[in-house]
1. Specify the residue that is farthest from the chain's Cα centre (by Cα); the eligible residues are those in region 49-72 that are open to solvent by 70 Å² or more (accessible area, probe 1.4 Å) and of a type outside the set (Val, Ile, Thr).
2. For a quick check of your reading of the model, give me the residue pairs whose first member lies in region 36-59 and is over 30 Å from THR83 (Cβ atoms) and modelled with pLDDT under 95, whose second is of a type in the set (S, T, N, Q) and in a helix (DSSP H, G or I), with beta-carbon atoms closer than 8 Å and at least 6 apart or on different chains.
3. Please pick out the residue among GLU80, GLU10 that is among the charged types (D, E, K, R) and surrounded by 11 or more Cβ atoms within 10 Å (Cβ to Cβ).
4. Can you tell me which condition TYR105 does not meet? The list is (1) at pLDDT 90 or above; (2) aromatic (Phe, Trp, Tyr); (3) under 22 Å from the mean Cα position of the chain (by Cα); (4) not in a loop (DSSP other than H, G, I, E, B), and all the others hold.
5. List the residue pairs whose Cβ atoms are under 7 Å apart, where the first residue sits in region 81-93 and is closer than 15 Å to LYS32 by Cβ, the second is assigned to a helix (DSSP H, G or I) and charged (D, E, K, R), and the two are 6 or more positions apart or on different chains.
Amino acid sequence: MNKKVTMIVEAAVLFILGVLVAIYGGGAVLDKYFGVVCLVLGGALAILTIVLLATKRPLGPAVVLGGGALIGLGVGIFTEWFTIAPLINALVLVVLGGGAGLILYGIYTLTRGRDLVPTGIAQIVFGAVAVLIASLYLAIPDFRQAFWIIVGILMAVYAVLSVVFMFVFDKKSK
């Protein structure tokens with residue numbers, strides 16, 4: 001039962017995150033998400049520090065410094081002194097380069113023998129799709145908005161389907 005509750009909570013968070021990404025775009029939502037995560041984890045570490053001090057247990061620097069650093073990062077994100085957006089741009093460039101590498105590796109795979117032809121073709125196709133999506137994301141501002149809408153919808157649909165499949169396959173296994 002505990003596993004089901006955990007999966008439902010995860011799906012609910014993913015669904016909400018997906019809807020927010022579809023409405024507001026990736027950068028803004030990820031900033032708020034990571035800001036909340038940093039503040040919650042930093043606050044938990046700060047409470048742990050207080051508990052350890054109150055019970056006179058040994059206190060390591062990682063707990064105190066980690067809590068303070070996470071709270072500082074969370075505040076920085078919420079006050080817009082720091083943003084996750086450059087990480088998204090870096091990820092797009094990684095997808096672009098990785099896709100180009102996958103195309104080259106697919107060509108190499110094609111030369112290795114007849115039984116590897118389907119694998120090589122699949123690698124070339126996936127690499128080309130990655131290069132295309134990353135190139136469109138970088139070159140066309142309107143595509144970025146459509147991209148985040150699609151990603152948000154896919155996240156929300158995945159969340160719903162994961163809960164549905166959890167109940168469908170659980171009943172069949174009984």
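1. For region 49-72, the residue satisfying everything is LYS56.
2. LEU59/THR49
3. Numbers: GLU80 fails: surrounded by 11 or more Cβ atoms within 10 Å (Cβ to Cβ).
GLU10 is the lone residue from the list that is among the charged types (D, E, K, R) and surrounded by 11 or more Cβ atoms within 10 Å (Cβ to Cβ).
4. All conditions are met except number (3).
5. THR83/ASP31; ILE84/ASP31
The values are calculated or read from the model by the stated rules, or taken from the named source; none is laboratory data. Keep in mind that what you see is a predicted model, and the values were worked out from it rather than measured. Neighbour counts are summed over all protein chains in view; Cβ atoms, including those assigned to glycine, are modelled from backbone coordinates with ideal geometry. Remember, those area values only see protein heavy atoms, side chains included, never the ligands or the DNA or RNA. Shrake-Rupley method; radii C 1.70, N 1.55, O 1.52, S 1.80 Å.
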